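Asks: Sharing a structure below in structure tokens format, with a few things to ask.
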Amino acid sequence: MRFVWAVVAFVLATVLIGAGIAQRTIFMGPSEIQMELTVDDPEPYVLVDSEVLRANEGLQTLLVRGEGDLFVAYGRTADMTAWLSDTAYNHVSLDTAEDGTSTATTEHVDAAQPAEDGAETSGRNPAGSDLWLDSFSDQDSVVARLQLTEGNSVLIAKDGVEAAPTDMLVSWEQDTRTPLAGPLMVAGGIVLAAGLVLYVLAIRHQRRGRGPRRKGLGPLPETQPITTVAG
């Protein structure tokens, strides 16, 4: 019976250790998900919907690359569309297919209303506006880590005169922690050790049962009557 329990322990240990290793390998997802934002016809401004940045779970990281001074800001969508109402811009939104996959699509938006008194519809530097909830600016590349909620959008530009950068990438950090991997492998190791102990005990028990035994004396030969010879 000890052999049976030892085999059961070995099988269970293999399952537990294998499950722990699988948690760290085949079942571990990617550390991040990425989505590129493309623009075919550059304009001085790019407006990115919050749906695009909320397409996946996790911290939203927006990477914008270009030449020169770059500007990224986020704020209420209504404020941004009103600020852009008299100029043309590119609008990036989320398109969800029937199979559930999502991609970013870009639409060119013309000025919704003409500028007053013949004022130019471009040339306004967004860095000078107080409508934004927060903004980021840097040379050649900007990394903005966001937690954008519904009703907010992101504005990307340079100085309002030059075309906005077209190299944009959104990424989402994914939780790749595997809290069960360690306990599973430890439990597997304990069960394996128990199986080895059971196996050793089973062998010792078997050897004792097959130890040398002294054979008893066989049946004595029949005695013959002693006869005497008369003298």
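Asks: Set the Förster radius R0 to 22 Å, insert the Cβ-Cβ distance between Asp99 and Gln34 as r into 1/(1 + (r/R0)^6), and round the FRET efficiency to 0.05.
Replies: Calculated transfer efficiency: 0.70.
Asks: Sum up the charges of everything whose Cβ sits under 11 Å from the Cβ of Ala163, counting Lys and Arg as +1 and Asp and Glu as -1, but leave Ala163 out.
Replies: -4
Asks: Same structure, new question: How high is the FRET efficiency from Val200 to Val15, r the C-beta distance, R0 30 Å, rounded to 0.05?
Replies: Taking R0 as 30 Å, the efficiency between Val200 and Val15 is 0.85.
Asks: Okay, next question. Going by average Cβ density within 10 Å per residue, which order do the peptides 146-152, 43-49 take, highest to lowest?
Replies: Ranking the peptides 146-152, 43-49 by packing returns 43-49, 146-152.
Asks: Any idea of Trp5's accessible area? Nearest 10 Å², probe 1.4 Å.
Replies: 140 Å²
Asks: Net charge within 13 Å of Ala144 by Cβ-Cβ distance, Lys/Arg positive one each and Asp/Glu negative one each, not counting Ala144 itself?
Replies: 0
Asks: While we're looking at this one, here's another question. If packing is taken as the average number of other Cβ atoms within 10 Å across a peptide's residues, how do 61-74, 95-108 rank, most packed first?
Replies: Ranked from most to least packed, the peptides come out as 61-74, 95-108.
Asks: Note down the nm distance, to one decimal, between modelled labels 7 Å out along Cα→Cβ at Ser129 and at Phe3.
Replies: Inter-label distance under the simple model: 8.1 nm.
Asks: Could I have the simple spin-label model distance between Thr149 and Arg65, label points 7 Å from Cα toward Cβ, reported in nm to one decimal?
Replies: Modelled inter-label distance: 3.3 nm.
Asks: Also, quick follow-up: What FRET efficiency comes out for Ala82 versus Gln174 if R0 is 35 angstrom and r is the Cβ-Cβ distance? Round to the nearest 0.05.
Replies: Between Ala82 and Gln174 the formula returns 0.50.
Asks: Return the equivalent ellipsoid semi-axes of the stretch 2-56 as a descending list in whole Å, where each equals the square root of 5 times an eigenvalue of the C-alpha gyration tensor.
Replies: Values for the stretch 2-56, descending: 54, 9, 5 Å.
Asks: With every protein chain kept in place and ligands, DNA and RNA left out, what is the accessible area per residue of the stretch 3-59? Probe 1.4 Å, answer in Å².
Replies: For the stretch 3-59, the per-residue accessible area is 60 Å².
Asks: In addition: Direction-averaged shadow area of the convex hull around the Cα atoms of the stretch 53-162, nm²?
Replies: With the hull built on Cα positions only, its mean projection is 7.7 nm².
The values are calculated or read from the model by the stated rules, or taken from the named source; none is laboratory data. The shown structure was predicted, so the numbers you read here are calculated from the model rather than taken from an experiment. With ideal geometry, Cβ positions are generated from the backbone for all residues, glycine too; neighbour counts draw on all protein chains shown. All accessible areas refer to the heavy atoms of the entire protein, side chains included, with ligands and DNA or RNA removed. Shrake-Rupley method; radii C 1.70, N 1.55, O 1.52, S 1.80 Å.
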